[in-house]
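Here is the structure we will look at.
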Amino acid sequence: MRMRARLVLVPLLLAALLSAGASAQRDAGFASVDETRQAISRALKDRQSAEARAKVLEGEAARAGEAVEKTTRQAAALAARIQESEATIAAAEARLSLIDGQRRALAARLAQRQKPVVRLTAALQRFSRRPLALSVMRPGSVKEMVYLRAMLGSTVPEVQHRTAALRGELARGKALQRQAERALADLRQNEGLLESRRKELAALETRQRLDARRASGDAAREAERALALAEEARDLDTLVATLDAAGNLREQLAALSGPIIRPPRPEESRVVSQETQAATAVRAPVGYQLPVAGRTVTGFGAPTSGGALTQGLTLAPRAGAQVVAPAAGRVVFAGPYRGYGRIAIIEHEGGWTTLVTGMARVDVAVGQQLVGGAPLGIAGPTRPLITLELRREGTPVNPLEFLG
């Protein structure tokens, strides 16, 4: 009877595997099991990296003396925590996709064995519906019952042996169902955490923008000038080159000797020698990082359809992913640019410039000073592509060579 109950469960478990697999399926777009496992490994590494950055930034925010600096570090730390949640969700989705594939393969194997199991189940059910007392009262039924018991005595062990693999598949199906339920619960929990962190960052950014408007009116004029340059530039390379030239001019003017003006924060003042300036011009921005976590679609120097070589990296992040500043610097352009979505150009010390394109929303303003990892914007909602370019004195270089 116990074996018969297990066999009866096969069609029910098959239906459960198919329906649960459909409900747990995510639009991950993985082409193979190996690609899914690579996505899990990449997401776990991204989560670990984001968590480490968040801890460093949170410590810096706790040690910051001024309110503006504290808020800036807190925003960067929140952006890192958001990327941590995004990586955790990406790993959970890939894990669910992997489990779903295993469940579908198991359902296919069970479907192949379903017909003989159904016939055996039907025979056992017919035999079980004949009461023993009625069998004894029928003529010749005692003899038949002896024969049946003898036959079952030799048949049942063989059936049990042949269905051992099937029973193992049933146990495997139940285990996969439990794994999927746990992964789905973790996914829901991290989605809630991500949403709360996004709301907290939005409130913090709103406060930052209000403080910035009260602090200075020069930012609006500089933003208007950047927009005018964007209209005049023939293409994105021309715009970047023009802004690079303006940045170099600012550095040269700042290096000229002249009257010493009392800085706004004297305790943070320092004397920079010409040797230090020369070393800075060669050294890449400190702690350089990728703006988003995701799969690399196009590498640096890859040939394009037009025959040219790419000047940066193109990454495929999650929909609506948080984009951060790769390193500390000054925003010289932020906004839409024809054919590139919303972009941000960040000027670093020593003639280095970062260009980030493909964003759906930009959360920084021209003239704003950023710390490394500061929230820069948001990726698009449908199959977003974020491109990162790093240039030194106008020449594109491979950003991967300078990752901190």
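Read-outs throughout are calculated quantities, based only on the coordinates presented, and are distinct from any laboratory measurement. These figures come from a predicted structure and were not determined experimentally. Positions of Cβ are backbone-derived with ideal geometry, glycine not excepted, and every protein chain shown enters the neighbour counts.
Taking other Cβ atoms within 10 Å as a rough exposure proxy, R188, R95 sort from fewest to most as R188, R95. Highest-first packing order for the peptide set 323-330, 377-384 is 323-330, 377-384, based on the mean count of other beta carbon atoms within 10 Å. From least to most packed, judged by other beta carbons within 10 angstrom and beginning with the fewest, D363, D186 follow the order D186, D363. Applying 0.36 nm per residue to the separation of R209 and T382 and subtracting their alpha-carbon distance, the gain on full extension is 59.5 nm. Counted residue by residue at 0.36 nm each, then reduced by the alpha carbon distance between them, the extension gain from S196 to T395 reaches 67.6 nm.
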